[in-house]
């Protein structure tokens, strides 16, 4: 029945590219031409900093410098560079236009496809839980939704994994990270998150956000998850800000995850 309804919907409303409206297969958000306009990150990039090539024999696909860095994140992956066309898609997703134009499903479909693509780069086994980076309650009231939570739900549905939008809470209403140095970003989000439940979290978690710049926010959120019982936290993001406009992710003050088997953040354009 579901297949029949899908075919009927395709007949009444043929699938179209979210950008140019050219015909596309049902599962595609963009046509091949518009998809190619996005700046894909190299598949061979380090799964932690996303900049240098991963070492050939690295178990967790890290570059040499990241092999020696300590972090609460096992890895952090993204599918595209935060520049050009993807900046416009993310802005449309996070700040919908008023009126009927704001109901356009294309931005959500494009970003959902890219977050699923990023997850395919994640090292190790699938997690038991998907958790979005939370907004502070004041910002959530102002915006009306959490973009990271929508991406986390799309990813969880794709993989048949439980999504826990309320697993973390943001207990400090931190100023925007835009324009801050890496050190200032770390100070800005220090102690900003905590786990909501006293119950121990699963050992392996995917932590979802839209954009990673230096990794400060995801790093701090990962610390909160690890304090609540998680052992391996992997950041999954749509886009990564290129190195030319942000220093590579590292956090020398954090501990290496215990039993590690193997970054990123809402640093730009928000928090």
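The values are calculated or read from the model by the stated rules, or taken from the named source; none is laboratory data. Just so it is clear, the structure is predicted and the values come from calculations on it, not from any experiment. Glycine gets a Cβ as well: all are built from the backbone with ideal geometry, and neighbour counts include every protein chain shown.
Being surrounded by 19 or more Cβ atoms within 10 Å (Cβ to Cβ) and part of a helix (DSSP H, G or I) narrows it down to one of 72, 78, 101, 113, so name that one.
Just a single option satisfies the conditions, and that option is 113.
Given the conditions (1) under 28 Å from residue 196 (Cβ atoms); (2) touching a strand residue (DSSP E or B) at 6+ places or on another chain (Cβ under 6 Å); (3) assigned to a helix (DSSP H, G or I), and given that residue 86 satisfies all but one, which numbered condition is not satisfied?
It is condition (1) that residue 86 fails.
Can you give me the ranges of the strands (runs of 3 or more DSSP E) entirely in the stretch 124-233 with at least 2 residues that are closer than 27 Å to residue 102 by Cα and outside the structural domain of residue 60 (by TED's automatic domain parsing)?
Once the strands (runs of 3 or more DSSP E) in the stretch 124-233 are filtered for at least 2 residues that are closer than 27 Å to residue 102 by Cα and outside the structural domain of residue 60 (by TED's automatic domain parsing), nothing remains.
Look through 200, 186, 153, 261 and report the one residue that is at pLDDT below 95 and within 26 Å of residue 139 (Cα to Cα).
Details: 200 fails: within 26 Å of residue 139 (Cα to Cα); 153 fails: at pLDDT below 95; 261 fails: within 26 Å of residue 139 (Cα to Cα).
Going through 200, 186, 153, 261 in turn, the sole match is 186.
Taking the stretch 49-80 on its own, how many of its residues are modelled with pLDDT under 85, under 13 Å from residue 122 (Cβ atoms) and under 18 Å from the mean Cα position of the chain (by Cα)?
1
I'd like the residue in the stretch 169-179 that is in contact with a helix residue (DSSP H, G or I) (Cβ under 6 Å, 6 or more places away or on another chain) and buried (at least 17 other Cβ atoms within 10 Å of the Cβ) and, out of all such residues, is farthest from residue 192 (Cα to Cα).
Checking each candidate, the answer is 177.
Here are the criteria: (1) modelled with pLDDT under 95; (2) closer than 16 Å to residue 235 by Cβ. Tell me which single one residue 173 does not satisfy.
(2)
Might you let me know whether the stretch 22-43 holds any residue that is assigned to a helix (DSSP H, G or I) and modelled with pLDDT under 85?
no
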